[in-house]
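The values are calculated or read from the model by the stated rules, or taken from the named source; none is laboratory data. Note that this is a predicted model, so its numbers are computed, not measured. Cβ sites come from the backbone with ideal geometry, for glycine too, and all protein chains shown count toward neighbours. Heads up: the accessible areas ignore ligands, DNA and RNA and are worked out on the full protein's heavy atoms, side chains in. Shrake-Rupley method; radii C 1.70, N 1.55, O 1.52, S 1.80 Å.
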Amino acid sequence: MAEEKIILGIDPGTTIMGFGLIRVRGKQMHFMQLNELQLQKYSDHYLKLKLIFERTIELIDTYHPDEIAIEAPFFGKNVQSMLKLGRAQGVAMAAGLSREVPITEYSPKKIKMAITGNGNASKEQVAGMLQSLLGLKELPKNLDSTDGLAAAVCHFFNSGKSIGGKTYSGWSAFVKQNEDRIKKQ
(Lines give C-alpha, C1' and ligand atoms only; values in the text may rest on other atoms or scores of the structure.)
Protein backbone atom coordinates (compact mmCIF):
# COMPACT_ATOMS: atom_id res chain seq x y z
CA MET A 1 0.00 0.00 0.00
CA ALA A 2 1.39 3.40 -0.99
CA GLU A 3 2.03 5.96 1.72
CA GLU A 4 -0.58 8.70 1.80
CA LYS A 5 -0.31 12.19 3.21
CA ILE A 6 -1.99 15.56 2.89
CA ILE A 7 0.00 18.76 2.47
CA LEU A 8 -1.51 22.17 3.25
CA GLY A 9 0.21 25.07 1.48
CA ILE A 10 -0.26 28.61 2.77
CA ASP A 11 0.54 31.98 1.21
CA PRO A 12 0.10 34.26 4.23
CA GLY A 13 -1.15 37.78 3.78
CA THR A 14 -3.15 40.42 5.61
CA THR A 15 -5.21 41.28 2.55
CA ILE A 16 -5.66 37.78 1.16
CA MET A 17 -4.41 34.50 2.63
CA GLY A 18 -4.18 31.88 -0.10
CA PHE A 19 -4.16 28.18 0.60
CA GLY A 20 -4.15 24.92 -1.29
CA LEU A 21 -4.27 21.25 -0.39
CA ILE A 22 -2.84 18.24 -2.17
CA ARG A 23 -3.05 14.54 -1.36
CA VAL A 24 0.08 12.51 -1.97
CA ARG A 25 -0.17 8.78 -2.65
CA GLY A 26 3.21 7.18 -3.17
CA LYS A 27 4.91 9.41 -5.73
CA GLN A 28 1.72 10.92 -7.15
CA MET A 29 0.11 14.18 -6.06
CA HIS A 30 -3.60 14.87 -6.43
CA PHE A 31 -5.35 18.22 -6.20
CA MET A 32 -7.81 18.57 -3.32
CA GLN A 33 -8.70 22.23 -2.93
CA LEU A 34 -7.54 25.81 -3.26
CA ASN A 35 -9.19 28.90 -1.85
CA GLU A 36 -8.48 32.16 -0.12
CA LEU A 37 -9.44 34.05 2.97
CA GLN A 38 -10.47 37.59 2.01
CA LEU A 39 -9.35 40.09 4.63
CA GLN A 40 -9.38 43.46 2.86
CA LYS A 41 -12.80 44.40 4.27
CA TYR A 42 -11.38 44.43 7.82
CA SER A 43 -9.42 47.47 8.97
CA ASP A 44 -8.31 46.10 12.35
CA HIS A 45 -4.95 44.34 11.89
CA TYR A 46 -5.41 42.28 15.07
CA LEU A 47 -8.80 41.03 13.88
CA LYS A 48 -7.14 39.95 10.62
CA LEU A 49 -4.54 37.97 12.58
CA LYS A 50 -7.28 36.32 14.63
CA LEU A 51 -9.14 35.35 11.43
CA ILE A 52 -5.94 33.92 9.88
CA PHE A 53 -5.39 31.83 13.01
CA GLU A 54 -8.99 30.60 13.11
CA ARG A 55 -9.10 29.76 9.38
CA THR A 56 -5.81 27.86 9.60
CA ILE A 57 -7.10 25.88 12.60
CA GLU A 58 -10.34 25.17 10.69
CA LEU A 59 -8.38 23.88 7.68
CA ILE A 60 -6.25 21.65 9.92
CA ASP A 61 -9.26 20.29 11.79
CA THR A 62 -11.19 19.67 8.55
CA TYR A 63 -8.50 18.14 6.31
CA HIS A 64 -5.99 16.81 8.88
CA PRO A 65 -2.86 17.70 6.90
CA ASP A 66 0.25 15.73 7.75
CA GLU A 67 2.51 18.66 6.85
CA ILE A 68 2.24 22.39 6.21
CA ALA A 69 4.31 24.31 3.67
CA ILE A 70 4.28 28.07 4.09
CA GLU A 71 5.70 30.84 1.98
CA ALA A 72 8.27 32.86 3.91
CA PRO A 73 7.98 36.66 3.79
CA PHE A 74 10.10 38.28 1.10
CA PHE A 75 12.34 41.19 1.98
CA GLY A 76 10.93 44.39 0.55
CA LYS A 77 11.54 48.07 1.06
CA ASN A 78 8.41 48.75 3.09
CA VAL A 79 9.20 47.74 6.67
CA GLN A 80 5.57 48.07 7.84
CA SER A 81 4.36 45.71 5.10
CA MET A 82 7.08 43.19 5.98
CA LEU A 83 6.13 43.37 9.66
CA LYS A 84 2.44 42.76 8.90
CA LEU A 85 3.28 39.89 6.53
CA GLY A 86 5.62 38.35 9.12
CA ARG A 87 2.87 38.52 11.72
CA ALA A 88 0.43 36.83 9.33
CA GLN A 89 2.95 34.06 8.68
CA GLY A 90 3.65 33.71 12.41
CA VAL A 91 -0.02 33.38 13.26
CA ALA A 92 -0.54 30.70 10.59
CA MET A 93 2.56 28.88 11.88
CA ALA A 94 1.31 29.14 15.47
CA ALA A 95 -1.98 27.52 14.41
CA GLY A 96 -0.12 24.61 12.83
CA LEU A 97 2.27 24.28 15.76
CA SER A 98 -0.66 24.27 18.20
CA ARG A 99 -2.01 21.21 16.37
CA GLU A 100 1.52 19.71 16.17
CA VAL A 101 1.60 19.67 12.37
CA PRO A 102 5.17 19.90 11.01
CA ILE A 103 5.80 23.15 9.14
CA THR A 104 8.37 23.96 6.49
CA GLU A 105 8.83 27.45 5.12
CA TYR A 106 10.05 28.18 1.61
CA SER A 107 11.20 31.44 0.05
CA PRO A 108 9.08 32.75 -2.83
CA LYS A 109 12.03 32.15 -5.20
CA LYS A 110 12.38 28.53 -4.03
CA ILE A 111 8.66 27.92 -4.64
CA LYS A 112 8.74 29.49 -8.11
CA MET A 113 11.88 27.54 -8.99
CA ALA A 114 10.29 24.24 -7.87
CA ILE A 115 7.14 24.83 -9.91
CA THR A 116 8.42 26.52 -13.08
CA GLY A 117 12.20 26.08 -13.05
CA ASN A 118 12.53 29.88 -12.88
CA GLY A 119 12.91 31.62 -9.51
CA ASN A 120 11.71 34.88 -11.07
CA ALA A 121 8.52 33.47 -12.63
CA SER A 122 5.35 35.54 -12.49
CA LYS A 123 2.25 34.55 -10.50
CA GLU A 124 0.58 33.78 -13.84
CA GLN A 125 3.39 31.45 -14.91
CA VAL A 126 3.24 29.59 -11.58
CA ALA A 127 -0.56 29.29 -11.83
CA GLY A 128 -0.34 28.03 -15.43
CA MET A 129 2.20 25.37 -14.50
CA LEU A 130 0.04 24.26 -11.54
CA GLN A 131 -2.94 24.04 -13.88
CA SER A 132 -0.93 21.75 -16.14
CA LEU A 133 0.62 19.64 -13.34
CA LEU A 134 -2.62 19.08 -11.43
CA GLY A 135 -5.14 19.16 -14.28
CA LEU A 136 -7.04 22.17 -12.92
CA LYS A 137 -10.00 23.02 -15.14
CA GLU A 138 -9.81 26.75 -14.47
CA LEU A 139 -7.76 29.18 -12.43
CA PRO A 140 -9.16 31.49 -9.77
CA LYS A 141 -9.49 35.23 -10.38
CA ASN A 142 -7.00 36.04 -7.61
CA LEU A 143 -3.78 34.06 -7.71
CA ASP A 144 -3.11 34.08 -3.96
CA SER A 145 -4.76 30.67 -3.68
CA THR A 146 -2.51 29.26 -6.41
CA ASP A 147 0.47 30.67 -4.48
CA GLY A 148 -0.68 28.65 -1.45
CA LEU A 149 -1.11 25.58 -3.65
CA ALA A 150 2.37 26.21 -5.10
CA ALA A 151 3.86 26.04 -1.58
CA ALA A 152 2.27 22.59 -1.11
CA VAL A 153 3.52 21.35 -4.50
CA CYS A 154 7.00 22.75 -3.80
CA HIS A 155 7.02 20.79 -0.55
CA PHE A 156 6.00 17.63 -2.40
CA PHE A 157 8.82 18.11 -4.93
CA ASN A 158 11.31 18.66 -2.08
CA SER A 159 10.16 15.75 0.13
CA GLY A 160 13.08 13.66 1.28
CA LYS A 161 15.63 16.21 0.08
CA SER A 162 17.75 18.56 2.09
CA ILE A 163 15.81 21.72 1.35
CA GLY A 164 17.64 24.38 3.29
CA GLY A 165 14.34 25.70 4.62
CA LYS A 166 13.33 25.84 8.25
CA THR A 167 11.20 22.98 9.50
CA TYR A 168 9.35 22.93 12.81
CA SER A 169 7.62 19.84 14.17
CA GLY A 170 6.07 21.54 17.20
CA TRP A 171 6.54 24.28 19.78
CA SER A 172 9.57 22.64 21.38
CA ALA A 173 11.32 22.33 17.99
CA PHE A 174 10.49 25.96 17.17
CA VAL A 175 11.87 27.18 20.51
CA LYS A 176 14.99 25.01 20.21
CA GLN A 177 15.78 26.30 16.70
CA ASN A 178 15.19 29.91 17.74
CA GLU A 179 16.82 29.88 21.21
CA ASP A 180 19.49 32.41 20.26
CA ARG A 181 16.94 34.91 18.97
CA ILE A 182 14.69 34.40 22.00
CA LYS A 183 17.56 34.91 24.48
CA LYS A 184 18.62 38.18 22.81
CA GLN A 185 15.25 39.79 23.50
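What whole-number distance in Å separates the alpha-carbon centres of the stretch 78-125 and the stretch 12-43? First find each Cα centre; the distance between them is then 12 Å. A simple count of charges around Glu67, restricted to other residues whose Cβ falls under 13 Å of its Cβ and scoring Lys, Arg +1 and Asp, Glu -1, yields -2. Straightening the chain between Leu83 and Leu139 buys 17.2 nm, computed as 0.36 nm per residue apart minus the Cα-Cα spacing. Each residue was assigned an accessible area with a 1.4 Å probe, and for Ser159 the value is about 50 Å². Projected label points at Lys27 and Asp61, each 7 Å from Cα along the beta carbon direction, are separated by 3.9 nanometres.
Ranking of Glu54, Glu100, Glu124 by solvent-accessible surface, largest first: Glu100, Glu124, Glu54 (1.4 Å probe, protein heavy atoms only, all chains present). When the C-alpha to C-alpha distance is required to be over 25 Å, the pairs from Lys27/Lys141; Lys50/Lys110; Lys84/Lys110 that qualify are Lys27/Lys141; Lys50/Lys110. Summed over the residues of the stretch 1-151 and divided among them, the accessible surface reaches 51 Å² per residue at a probe radius of 1.4 Å. With contacts taken as Cα pairs under 8 Å and at least 6 residues apart, the stretch 1-121 reaches a relative contact order of 25 percent. Expressed as a whole percentage, what fraction of the accessible surface of the stretch 1-138 belongs to carbon and sulfur atoms when a 1.4 Å probe is rolled over the protein heavy atoms? Ligands and nucleic acids excluded, carbon and sulfur give 53 percent. Taking all protein chains together and a 1.4 Å probe, the residues His45, His30 rank His30, His45 from largest to smallest accessible area.
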